[in-house]
There are 2 protein chains.
Amino acid sequence: MRAWEANIRRVVPYVPGEQPRGGNLIKLNTNENPYPPAPGVAEALAQMSVEGLRKYPDPTAHDLVRSLAEYYGVGEDQVFVGVGSDDVIAMSFLTFFNSEKPILFPDISYSFYKVWADLFRIPYETPALDENFCIRGEDYLRENGGIIFPNPNAPTGVLLPLSEVEAIVRGNPDVIVIVDEAYIDFGGVSALKLLERYENLLVVQTFSKSRSMAGMRIGFAIGNPRLIRALNDVKYSYNSYTMNLPSIRAGVAAVKDEAYFKKTTAKIIATRERAKGKLRELGFSFPDSKANFIFAAHESVPGAQLFEDLKKARIYVRHFNGPRLDDYLRITVGSDEEMDALFAFLEEYL
Amino acid sequence: MRAWEANIRRVVPYVPGEQPRGGNLIKLNTNENPYPPAPGVAEALAQMSVEGLRKYPDPTAHDLVRSLAEYYGVGEDQVFVGVGSDDVIAMSFLTFFNSEKPILFPDISYSFYKVWADLFRIPYETPALDENFCIRGEDYLRENGGIIFPNPNAPTGVLLPLSEVEAIVRGNPDVIVIVDEAYIDFGGVSALKLLERYENLLVVQTFSKSRSMAGMRIGFAIGNPRLIRALNDVKYSYNSYTMNLPSIRAGVAAVKDEAYFKKTTAKIIATRERAKGKLRELGFSFPDSKANFIFAAHESVPGAQLFEDLKKARIYVRHFNGPRLDDYLRITVGSDEEMDALFAFLEEYL
């Protein structure tokens, strides 16, 4: 080992989900939206001055912040934007989780929480989900340095009712509670409603799922102005200019088209509900999902085997290793056509 | 103070440079390129599938990495890309500067180094530039936890000859030496030539200056594969998908057009040399600049006053407070027309 290697930060490298190439495949493995971005996005990008790229973008991404503030009915000083919700949450870990006490998040949850905690050397504990893959609210009422959980949870899709979210936020007035609502638009009730009453609450959402723009990298947090100011202080100490010009323009256009947003999320919800019935018929069981994916186990075929056999048929879903997860596949809700192709394969296969 | 505020990371908020709005102004304050991006960039963006934005971008940004590897004649495993060189350098601080010993950078230098060190709680020392604003190589041969300096330096524009860069890299085999070459294309010799001989060297460059794309946020690092792997491990632990689809497409197109790149950088160099003569005639003195800006002090008018009076005339330059800096203005080299407007004002004013 070279001497300079001694000072390299040791991390367990996170391996991003497979991004298979080539056509003629059904991609139900990364919870992408099957529908394109709102029509206004293409227009906004076509109208963007490419000449203007020679200049720095607005470091405050003010146009995007204002759009989100108007849409969600909050103050502009309550909105923070970043390069996907991963950027927003990583920045939140760095900003808010500086206690000696462990932060808390569910044992089965978004796998990046553990990665960020390790990266920033934040101690953590992971209370177990109950036997139905539900978060047990009482586990989050012990002493801690901060709390984060997705709602609906990933990869289970299970939604925690707003009253239980509120109990966790209310029970932890001395730490920041982050509710990661990447999938909230597919049938959940957002904790945004609680913001007026709890200044220790931060709600994080993304454009990658319900707004069909994973490729543009836009995420945001909404919270009380003090939290947003603290986040911005850290963000400006890290990288002043993170949102490039296309992101700002496309983001604004996407927020504007509420009708398209509602139509496409409604379609995905309808497809998901139909898929639940079909999967049940085929011998799958799953916790009830309010997200754009279903976390399903088959009564006779092990998860890893089904995953591999689907892949051979060019149908990509996600399989996680680990206790309680092995048996399951996380299946993104695609278009009706994609889901029908999946069901056709399964009917033949099973 | 609320209890939750105790665990918020304390930082001295960095204030980004002024981004004045409205037309009819001459913006020579943020070292932007006066020329638009290469013509291929507009074409690449027009051809980009907006529909494709629904999917995650390639987390490895492979097309962009390959373009850079080909252009600079290095392996693909020697290239790391990020959201501007600020992202690349911040990630490098997090990855490589984990010693108890202080890192070293010049006292007059890119102001973000101190901000990142504070943010990540990295100890640092700042050797003083000599009386001609030059880096003294011998100051960087003492025990340290890592080294970073811009070459040419900012905001002085002074270039350290390659032999002196090499002496610093050679004299510090046990730590990582980062050479921040944001302005190297305006007349310097890149330390890329040293990479074959020194595995502790990391060279960072950006698309924001010489490639006219500050608005797109693209930076990169080139170094030996072990360093790049370590950077990627940390990067994937922070945010897997940072480069959005437009960045990747525009970046590839910009690298392709070498003729345009050479033509526009040559124009800026010619304008800079002409500006040096003119500024001297007007009573300014300055260290010789090899960057796209000139750090100039007038013989009779204090820097702060000149800055304010220029601003009233809608000509924006940069003024830094601090010992040895107060007297100076950092004037970006704009187009010939912009510089002529500046000179016309100064002739009248002085």
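The values are calculated or read from the model by the stated rules, or taken from the named source; none is laboratory data. Bear in mind that the values here come from a model prediction, so they are computed numbers and not experimental data. In this analysis, Cβ positions are derived from the backbone assuming ideal geometry, glycine residues included, and neighbour counts consider all displayed protein chains. All accessible areas refer to the heavy atoms of the entire protein, side chains included, with ligands and DNA or RNA removed. Shrake-Rupley method; radii C 1.70, N 1.55, O 1.52, S 1.80 Å.
Some points to look at:
- Selection within the stretch B:198-246 - assigned to a helix (DSSP H, G or I), within 7 Å of chain A (Cβ to nearest Cβ) and either open to solvent by less than 10 Å² (accessible area, probe 1.4 Å) or not aromatic (Phe, Trp, Tyr) (or both): B:214, B:215, B:216, B:230, B:233, B:234, B:245, B:246
- Selection status of residue A:53, assigned to a helix (DSSP H, G or I) and open to solvent by less than 10 Å² (accessible area, probe 1.4 Å): yes
- One residue from A:20, A:34, A:13, A:39 being open to solvent by 40 Å² or more (accessible area, probe 1.4 Å), closer than 23 Å to residue A:182 by Cβ and not acidic (Asp, Glu): A:13
- Summed over the stretch B:88-104, residues that are open to solvent by less than 10 Å² (accessible area, probe 1.4 Å) and closer than 26 Å to residue B:156 by Cβ total 10.
- Candidates B:270, B:266 - the one that is under 30 Å from residue B:168 (Cα atoms) and more than 10 Å from chain A (Cβ to nearest Cβ): B:266
- The condition of being farther than 30 Å from residue B:128 by Cα, without any contact (Cβ under 8 Å) to a residue 24 or more places away in the chain and not hydroxyl-bearing (Ser, Thr, Tyr) does not hold for residue B:253.
- Among the residues of the stretch B:74-88, those that are at the interface with chain A (Cβ under 9 Å from one of its Cβ atoms) and assigned to a helix (DSSP H, G or I) comprise B:84, B:86, B:87.
- Among the residues of the stretch B:168-177, none qualifies, meaning not one is surrounded by fewer than 23 Cβ atoms within 10 Å (Cβ to Cβ), of a type in the set (Gly, Ala, Ser), farther than 24 Å from residue A:56 by Cα and within 20 Å of the chain's Cα centre (by Cα).
- Qualifying residue in the stretch B:56-65 (condition: part of a helix (DSSP H, G or I) and away from chain A (no Cβ under 14 Å)): yes
- Cβ-Cβ distances below 6 Å connect the following pairs, each with a first residue in the stretch A:318-338 that is open to solvent by less than 20 Å² (accessible area, probe 1.4 Å), a second residue that is among the polar types (S, T, N, Q) and outside any loop (DSSP other than H, G, I, E, B), and a separation of six or more residues or different chains: A:333/A:271.
- As a summary of the residue check, residue A:179 satisfies the conditions (1) part of a helix (DSSP H, G or I); (2) of a type outside the set (Lys, Arg); (3) away from chain B (no Cβ under 14 Å); (4) closer than 25 Å to residue A:111 by Cβ except for the one numbered (1).
- Scope the stretch A:13-41; condition more than 21 Å from the chain's Cα centre (by Cα) and in a loop (DSSP other than H, G, I, E, B); matching residues: A:21, A:22, A:23, A:24, A:25
- Selection status of residue A:191, touching a residue at least 24 places away in the same chain (Cβ under 8 Å) and within 10 Å of chain B (Cβ to nearest Cβ): no
- Output for the stretch A:7-37, where each listed residue is more than 8 Å from chain B (Cβ to nearest Cβ) and free of Cβ contacts under 8 Å to residues at least 40 places away in the same chain: A:10, A:21, A:22, A:23
- For the stretch A:44-55, a residue qualifies if it is touching a residue at least 60 places away in the same chain (Cβ under 8 Å) and within 9 Å of another protein chain (Cβ to nearest Cβ), and the qualifying residues are A:45, A:48, A:52, A:53.
Yes/no per residue for (1) under 20 Å from residue A:34 (Cα atoms); (2) crowded, with 20+ Cβ neighbours inside 10 Å:
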| site | (1), (2) |
| --- | --- |
| A:269 | yes, no |
| A:280 | no, no |
| A:285 | no, no |
| A:288 | no, no |
| A:295 | yes, yes |
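- Residues in the stretch B:220-247 that are more than 22 Å from residue A:244 (Cα to Cα) and among the charged types (D, E, K, R): B:226, B:229, B:233.
- Taking the listed residues A:71, A:110, the one that is part of a helix (DSSP H, G or I), in contact (Cβ under 8 Å) with a residue 40 or more places away in the chain, open to solvent by 20 Å² or more (accessible area, probe 1.4 Å) and not β-branched (Val, Ile, Thr) is A:71, with no other qualifying.
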